[in-house]
1. I want to confirm something. Restricting to the range 214-258 and keeping residues that are part of a helix (DSSP H, G or I) and among the polar types (S, T, N, Q), which single residue is farthest from V72 (Cα to Cα)?
2. Limited to the range 191-213, what total is found for residues that are closer than 26 Å to D246 by Cα, free of Cβ contacts under 8 Å to residues at least 40 places away in the same chain and either part of a helix (DSSP H, G or I) or not aliphatic (A, V, I, L, M) (or both)?
3. Of the conditions (1) outside the structural domain of C267 (by TED's automatic domain parsing); (2) buried (at least 24 other Cβ atoms within 10 Å of the Cβ), P131 fails just one. Which one is it?
4. Might you let me know whether the range 267-283 holds any residue that is more than 16 Å from the chain's Cα centre (by Cα) and free of Cβ contacts under 8 Å to residues at least 60 places away in the same chain?
5. Among (1) in a helix (DSSP H, G or I); (2) surrounded by 15 or more Cβ atoms within 10 Å (Cβ to Cβ), there is one condition S41 misses while meeting the rest; what is its number?
6. Those residues that are modelled with pLDDT under 90, aliphatic (A, V, I, L, M) and touching a Pro at 6+ places or on another chain (Cβ under 9 Å), I need them from the range 325-349; list them, please.
7. Quick one: in the range 259-298, which of the residues that are of a type in the set (F, W, Y) and in a helix (DSSP H, G or I) is nearest to M45 (Cα to Cα)?
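The values are calculated or read from the model by the stated rules, or taken from the named source; none is laboratory data. Keep in mind it's a predicted model, so treat the numbers as computed, not measured. Glycine also receives a Cβ, built like all others from the backbone with ideal geometry; neighbour counts cover every protein chain displayed.
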Amino acid sequence: MITRVRSELTRYLRTETVGGTLLLAAAAIALLWVNSPWGDSYVTMTETVLSIGPLHLELTLADWTKDGLLAVFFFVAGLELKRELVVGELADPKRAALPIIAALGGVVTPALIAFTVGHGVPGMDRGWAIPVATDIAFALAVLAMTGSRIPASARVFLLSLAVVDDLVAIILIAVLFTATLSMLWLLAAVACCGAWALAQHRRIRTPLVYVPLALLSWYALHEAGIHPTLAGVALGLLTRVRPDPDEEQAPATRLEHLVQPVSAGLCVPLFALFASGVPLNAEVFGELFTDRLSLAIILGLLLGKTIGIFGISWVAIRLGVAKRPAGLGYRDMFALSVLGAIGFTVSLLVAELALGDIGDGSAEELAKAAVLVTSMAASLAGSALLLRRGRVHQARRDADALEPE
């Protein structure tokens, strides 16, 4: 079982690394496109409405990527979280303690900083949640490219932290962005989730059951007034992760193999393409470091995440509440904490949800620009620290290899 879990973790990291690279490429294309002479065509594309008449769904392409494609991303996150909680790193309370504590520190501290700096700014009653999430794909991609000489425990720590981090962000999305609630549709969504769990219990395997249930639960949550991506998380958490004796793989493992490449290689990059098109000019750059909204996000992400993750981890280890990951020093953990400041997918989503209906949209664009610039700064700073730490670890391994037996 341990060997299977480790091999699944390796495969997951490999896929997310490729997905992170595609995400960066899609974001770069969006930024270049919207700031080019053809920028109007980008806006036209994102605002094109694709409707499904019988279901009364009239969403723009940007909304379809935000509400539809990200549901697939959150489904994979739910599967990974369930696997980690049942048979992975988070199943062992001693191993789970540090990433859980670090994730909570990395949520509370950015939120407090953002709320304090941006208090009174329109939209910050919910916008304080923008800097609370770490982007799994982006952070793992940076770690894979620049931290190959860091012990493998660094990847496990960062992944576990990001999974818990995203769970908290998902809960915040459900609480903060549910304005009106239709109980009838909510009950329909609960019924779909119950049917999914029952089908798992009865060991039903045909997609003819699960695909309709997934679509119905998504539609029911959308009509209920709850962000429909939460359907993905719920169904992921209701999927079995332990294989039966007659099964080579558990359903969660099979679904991850099937869905994760689609999520990392298509859904998340497409969301980045539609969400990252922010006009960057002298005026925007000037406001980035003077406007309280953008400062709240920048300081919340860059300082809040780093201080929150590393500071609470250091305290927990010193107090004996948690153990430091094998092979990692405090400087390694500080470098990983800087990577935790990479807030992309979920941060952009929260920015749209919190600020999309305020004014002429300039607040949303400024918030997205702050997320993009800060994430890039965190990735560069984290990369530099990881490369330095990698050289230190390699030098130690070389020294150990030269010692006589």
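1. Only one residue fits best here, namely T253.
2. Of the residues in the range 191-213, the ones closer than 26 Å to D246 by Cα are 193-211, 213.
From what is left, the residues that are free of Cβ contacts under 8 Å to residues at least 40 places away in the same chain are 194-195, 198-199, 201-202, 204, 206-211, 213.
In the following step, the residues that additionally are either part of a helix (DSSP H, G or I) or not aliphatic (A, V, I, L, M) (or both) were identified as 194-195, 198-199, 201-202, 206-211, 213.
The total comes to 13.
3. Failed condition: (1).
4. Within the range 267-283 (the criterion being more than 16 Å from the chain's Cα centre (by Cα) and free of Cβ contacts under 8 Å to residues at least 60 places away in the same chain), the answer is yes, since at least one residue qualifies.
5. Only one criterion in (1) in a helix (DSSP H, G or I); (2) surrounded by 15 or more Cβ atoms within 10 Å (Cβ to Cβ) is unmet by S41, namely (2).
6. A326, L328
7. Within the range 259-298, the match that is nearest to M45 (Cα to Cα) is F274.
Let's see how each residue does on (1) surrounded by 14 or more Cβ atoms within 10 Å (Cβ to Cβ); (2) of a type outside the set (D, E, K, R); (3) under 20 Å from F344 (Cα atoms):
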site	(1), (2), (3)
I52	no, yes, no
T65	yes, yes, yes
A77	yes, yes, yes
K82	yes, no, no
A97	yes, yes, no
I100	yes, yes, no
